[in-house]
Structure formats: structure tokens, C-alpha cells
Protein chains: 2
Amino acid sequence: MALRPVTRRSVSDQVFDQLVDDVVDGELGVGEPLPSERRLAEVLGVSRPAVREALGRIAQTGLVEVRQGGATLVRDFRRAAGLDLLPRLLVRSGRLDTAIGRSVIEARAEIGPGIAALAAGRGGPALATGLDAVVDEMATVTDAVRWQVLALDYWDLLVDGADSMVFRLMFNSLRAAYEPALPALATILADEVGQAEPYRLLAAAIRAGDAPTARAAAARVLTPTADTLLGALAAMGDDA
Amino acid sequence: MALRPVTRRSVSDQVFDQLVDDVVDGELGVGEPLPSERRLAEVLGVSRPAVREALGRIAQTGLVEVRQGGATLVRDFRRAAGLDLLPRLLVRSGRLDTAIGRSVIEARAEIGPGIAALAAGRGGPALATGLDAVVDEMATVTDAVRWQVLALDYWDLLVDGADSMVFRLMFNSLRAAYEPALPALATILADEVGQAEPYRLLAAAIRAGDAPTARAAAARVLTPTADTLLGALAAMGDDA
DNA sequence: GGTGGTCAAGTGGTCAGACCAGTTGTGGTT
DNA sequence: AACCACAACTGGTCTGACCACTTGACCACC
């Protein structure tokens, strides 16, 4: 019996979801006005405060622009939204957007080595020891999902070692985007389970404080999985 | 007569600002409960809906966790927040945080070349022509702020050419972070005004579809300004 | 023909007070 | 000691009212 926490969605959460989807899917064109708060409340069968709470969060996301006295206008999220929007773009109405998935994988492969290089210069042996501990556990694991979780833990440590708030926040945003899809990812990447050697080499480069080697080692960690995932995405795209 | 738009801050905006600052500055420790909504409303002299709108946005940012029935708890934003929080971390209570400024500059220098490489593979001559147009204008400009704005326009085009939603959203977040500081940046980088040649070389590499050369050219665009800015930040840090 | 003033209608901003729903701690019961 | 019931919190939602602002139409006036 597999139990999972009950998820309760508040009214304003549901309004938020619905409006975000409408804006992101382009059902509401850029520059067009949203219905008034009162009208939305009436149509959706909720109170105005509930609508307002949702709209306030949507405005913060950069999807709309609200102006007192005037109508609330739809903005171009490609220009105005920040990385926090990524999770909602990646899986849209239950389906994974392959183009966005591709960009996530590319960004991961592009940024990871930079993080490793910074961490090599700043983490020191303490970081390397922590990484090795994770790798030791990875080497013994057989469950594909557990493997992915440990890989995330590994990168979490690495990002800490890079001592960069920007990369930390980027990592958080990216993790939030693909954590929901982690079980699916684990299946696609099942063949990689147990191949801990690249991770160990990266940790060694970190211990040595060798930034260029760490950069290359990180690329060797990331590139194979990136290729596998891009291949899987391409296959999905063909189906659709 | 230099006129600028009047900025009106709503009550819930002010509550939002205040609470974000308190959490980010660590005045409210991680795991600690916030005062109840009713209490906050009373203490701040505003209505409960206003407090709720602010809290909802703060929760979305990942700074707190609200649970019906229980208290609202402070989370560790280093773990939970996304890149959208960056602007509020970079300038905190009017002051620029040098450690975070450093990480922004590092990230820019690290990611820029990757974007250029992607754009070289996807942008084509059309992109290069657009870039050249911006460079042509840069070459004629003498105002330092105007120069920075054009540089941003240049990168905006480049990011479009990379055809990557993740990099686009990252760029938006980073731009949101340092756009407020742009006048100050322009002063520090005044010496770079007019030096458009690196930008032109990058555009040429894009036109040729030569990703490795584009990567190197982007590094040559970014590294000098990064060094200058890091130096300025270090000087600021010494003062404090 | 353009300028500025006036006004009504519609929009978002804020408030007060009430009630529902869920959590937590307390104290009694077994 | 384990369990349970209840009271006193917490956040969630609604209603209806009023304020502040923008918009557009209309109307003088120059």
C-alpha cells in the first residue's frame, strides 16, 4: 500500500493555475486585457479576494501587469518572466514540452562544468570528502530513482562548494523543474545506475583544486546523460 | 527638467517588502514561525487581506511555508528560493551585497559563452545581421548608460538566437537584477564605451556558424568587463 | 482645431467582520 | 501509559462596502 500525502489545493491556487495556463498557452494574447477581478470572481464562482491573491502572484511572475484604475494586461512572458516560471513551462497541462526539456538539458550540460570549476577553486578537501561519501553510496545503489536522488545530492554539495548565490538559485530553480519528472527520468537513465566513476574523478579534481580538470570531469559526468535524454526527447517529439 | 514616473507602492507591496527583508536578513530564523496573519495585520496597521496577499507572494518565492491550521514557518531561502529572488538579494535595504554581486558577474562570464555557442549553431545570418546593426550603433555612442543599454540589447538578440527557454528566463532574471544598478555600472565601465570590436568579432563567428570561435569571442567580450567589475566590487568590500 | 475642465462609469486597492477548515496542545478518561 | 475529546489557536474563504485611479465622452473656451 503506497501512501502519499494528500494535496490540498486552495481556491486561489486553482485560480492561479488556471490563469497561468491560459496566459502561457497563449489563449490570452499579449497586450490583451484580462476580465476584471469582479467578472473573474463571478465567472469562476469564487470571491474577489481569492482572485486577487491569484492575480498578485501572477503579476509577480511577470505574466500580467496590473494597473489601478485600468485593466490588467497580459505581458509577454518570454520577455518578462524569470526562471521561476520554468516548472510551469516544462510540464504544461500534464504534458512535457520537449523544446523546453531540451533547453533544460542543454543548460545543465553547459552550466555544470562552470560550477565544478568554481567549486574546485573554493571547496577544498572538505567538499571533496563530502562528495566522495555520496559517490560511495551511489556505487552501492541499484534503484534507479535512488540513484538520481543521490546524483542530485552530489550536485547540491558541488553548488554549495562553488559559493555562488546565483548558481545556487539557478540550481534550485532547475531542480524544482525536473524533480516532478524524476521517476520518468530515472527510467530513461536506468543504464547509468552504478557508473559512479566519472563522479569520483570529478571529486578527485575538486580535491586537487584543479579547476580545468574539474571542468572537463564535470562535462564527462553530464554529457552522456544529456545525450541519452536528448535522444529520448527527440523520440517523444517524433511521436507527437 | 527630468521627469520620471511616480511610483505608487500598494499596502500589500510594502508588507511584502518588509517581510522579505526580515526573512532575508535573518531577523526571522529558519524554522521559526511568523506572527499570525491577524497579529501581523494588527501590528502593521493594515487589513488581513493585505497581509494575505503579501504572504501568498512570499510563499511563492519560497521564503516561507504556510500550512492551514498551523503557523507560517520561515524556510531557508538558500535551499528553497529560485533565481527570481536574485534582485532582492543583490540590493538589500538600499545597499549592494558584494558577495552576490560577485556571483552575478561570475555567472554572466560563465554562461555567456555557452549562449553564444548555441546561437552560433542556430541563429544563422539573420541573427548576425541584427547583431551587426546593434554594434554599428554602439560604435557611434558616447553616453556610458546608452552603451550599456545597447550591450543588453545585443545580448537579448543573442539569447533569442540561442533558442533556449532556460537561458532566456535566466537572462531575464539576471537583467532584472542589474538593470536597477545600470547607471552605477555604466560609470564603472565608462572606459569600455566605444570598444565595439569584440562584439563585432562575436557577430562574425555567429554568421559563420562557428560555435567554438563564438564561444571564445564571447569570452573576450565578457572577461574584461567582468575583471573591471570584480575589481570595483573588491574595492567596495574593502571599504566596508 | 486644439486646449483644458468636468463628469460618470469601470477598474483595481483596501477594509471590516464573519464563518469555515484544519492543527495543536491540554486535560480528562480509560 | 495510551487514548480521546475539546478548546483555542492557525490559515482559508466569503460578503459587501468604500476609496483611489484611469478612461473616455462631453463640453466649454480660446
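The values are calculated or read from the model by the stated rules, or taken from the named source; none is laboratory data. What you are looking at is a predicted structure, and each value in this text was computed from that prediction instead of being measured. We place every Cβ from the backbone using ideal geometry, glycine too, and count neighbours over all the protein chains shown. Protein only, heavy atoms only, side chains kept; ligands, DNA and RNA dropped before computing areas. Shrake-Rupley method; radii C 1.70, N 1.55, O 1.52, S 1.80 Å.
Put simply, of A:Asp136, A:Asp97, A:Asp132 the only residue that is at pLDDT 95 or above and either within 18 Å of A:Tyr178 (Cβ to Cβ) or open to solvent by less than 40 Å² (accessible area, probe 1.4 Å) (or both) is A:Asp132. Taking the condition open to solvent by 20 Å² or more (accessible area, probe 1.4 Å), in a helix (DSSP H, G or I) and touching a Pro at 6+ places or on another chain (Cβ under 8 Å), does B:Ala218 pass? No: the conditions fail for B:Ala218.
Note on the range B:53-68: among residues that are within 8 Å of DNA strand C (Cβ to nearest atom) and out of contact with any Ser or Thr (no Cβ under 7 Å at 6 or more places or on another chain), the one that is most open to solvent (accessible area, probe 1.4 Å) is B:Gln68.
Yes or no, residue by residue, for (1) outside any helix (DSSP H, G or I); (2) outside the structural domain of A:Glu137 (by TED's automatic domain parsing); (3) within 23 Å of the chain's Cα centre (by Cα):
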position	(1), (2), (3)
A:Val159	no, no, yes
A:Leu169	no, no, yes
A:Asn172	no, no, yes
A:Ala177	no, no, yes
A:Ala184	no, no, yes
A:Gly194	yes, no, no
A:Ile206	no, no, no
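Once the range A:69-80 is narrowed to residues that are more than 16 Å from DNA strand D (Cβ to nearest atom) and either free of Cβ contacts under 8 Å to residues at least 12 places away in the same chain or closer than 15 Å to A:Ala41 by Cβ (or both), the residue that is most open to solvent (accessible area, probe 1.4 Å) is A:Arg78. Here A:Ala232, A:Ala190, A:Ala176 are screened, and the one residue that is open to solvent by less than 40 Å² (accessible area, probe 1.4 Å) and touching a residue at least 40 places away in the same chain (Cβ under 8 Å) is A:Ala232.
So, of the residues in the range A:153-167 that are over 11 Å from A:Leu131 (Cβ atoms) and in contact (Cβ under 8 Å) with a residue 24 or more places away in the chain, which turns out to be surrounded by the most Cβ atoms within 10 Å (Cβ to Cβ)? Talk me through it step by step, then tell me what you get.
Filtering the range A:153-167 for residues over 11 Å from A:Leu131 (Cβ atoms) gives A:159, A:162-167.
Filter again for in contact (Cβ under 8 Å) with a residue 24 or more places away in the chain, leaving A:159, A:162-164, A:167.
Numbers: A:Val159: 23, A:Ala162: 27, A:Asp163: 18, A:Ser164: 25, A:Phe167: 25.
Out of the qualifying residues, it is A:Ala162.
Filtering the range A:11-52 to residues that are out of contact with any helix residue (DSSP H, G or I) (no Cβ under 8 Å at 6 or more places or on another chain), open to solvent by less than 60 Å² (accessible area, probe 1.4 Å) and of a type in the set (Gly, Ala, Ser) leaves A:Gly26, A:Gly29, A:Gly31. Of all the residues in the range B:158-177, those that are within 7 Å of chain A (Cβ to nearest Cβ) and either over 19 Å from B:Ile105 (Cβ atoms) or of a type in the set (Val, Ile, Thr) (or both) number 5.
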